[in-house]
Each structure stands twice: as C-alpha cells, then as structure tokens.
Amino acid sequence: MMATRNPDEFIQVNGALNLKPSFGPIPADQLIPWSVITLANIVVANRILGLSWIITILSIGWGIATWWIVTGSDASRFLSKFHHPPLWLYGHLPHSSPLEPPLKLDPDKIAKAAKKADRKQRRHKRSRRNPRQKRINA
C-alpha cells in the first residue's frame, strides 16, 4: 500500500532544475557563438591578415565580450528583434489528397472565395489599426 502524504509537508525538489546549464562560469548557450567567433578571428586575423597571436587573442576576446554584452543572459531577447512574424494568409483552395483523383475546380468559385478571403483579411488589418492613426481613404 502507498503511504499517505500529509498535504502540509514540503516536497523535496532538486534545486538544479531551475538552473541554466553552464560549464563553470560560461553559459552553455554561448559556446557555439563563441566558437564561431574564435574560429572566424583565427582565420581572418591570424591566417589571412597575418597578425600576431596577441592581436588575434585580443580580437577574439573583444568579439566574445561584445557578443556576451549584446545577448546577455538570454540571447533570444536580442536575436528575436530580427525575426519577422509570419504573414498569415487565408487559403481559398479546397484540399485535395494525392491518393484521390484530382478535383475539377470551378474558376468562378475560386475567384469568389479569393475575393471573400481578401475582404476578410482587409477587415482584419483594419481592426488591428491604431485608433489614433489617421484613416486614409483608399
């Protein structure tokens, strides 16, 4: 039989569950960008430009420090600024299975469905407009 637990007792939880993975002081999500920065600096500064190892190591440190400052503890906060949200469009063609014979589509019905979807999309864009924004007659 299972022992009944008192609801007032604390449950033991592993404290490492809330921690971010890291290798000592280096966050694990920074390892790949830092290795790319290091390899790029070695190739460009040392091999192509022929600079000394001291300058190469300083440029590696500068690149890593810049990346760490820009991305901080959460790289997605910086990198998500460059991600465009998807443009959702309404589809107006019926689904046709590749296993069934092709459907015969009526061009008039497709054009009518496309106009309806276009009106619906324009209405949706209008509803998202800032109320203070001046309305331009189109």
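The values are calculated or read from the model by the stated rules, or taken from the named source; none is laboratory data. As the structure is a prediction and not an experimental result, all values here were calculated from the model. Here the Cβ is made from the backbone with ideal geometry for all residues, glycine too, and neighbour counts use every protein chain on show. Calculation scope for accessible area: heavy atoms of the full protein, side chains included, ligands and nucleic acids excluded. Shrake-Rupley method; radii C 1.70, N 1.55, O 1.52, S 1.80 Å.
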*Could you state how much accessible area LEU79 has, in square angstrom rounded to the nearest 10, with a 1.4 Å probe and all protein chains kept in place?*
80
*asked:* Need one word for segment 1-106: rounded, prolate or oblate. Basis is the Cα gyration tensor (sqrt eigenvalues a ≥ b ≥ c); a/c below 1.5 gives rounded, then a/b vs b/c decides.
replied: oblate
*asked:* How charged is the neighbourhood of ASP106? Take every other residue with its Cβ under 15 Å from the Cβ of ASP106, and add Lys/Arg as +1 and Asp/Glu as -1.
replied: +4
*Compactness ratio of segment 1-60: Cα Rg over 2.2 N^0.38 Å, N = residue count?*
2.27
*Sorted by accessible area (1.4 Å probe), largest first, how do PHE78, PHE10 line up?*
PHE10, PHE78
*Any idea of the accessible area per residue across segment 10-84, 1.4 Å probe, to the nearest Å²?*
81
*R0 of 30 Å, Cβ-Cβ distance SER80-ALA114: FRET efficiency to nearest 0.05*: 0.35
*In the neighborhood of GLN30, defined by Cβ-to-Cβ distances under 15 Å, what is the net charge if each Lys or Arg adds +1 and each Asp or Glu adds -1?*
0
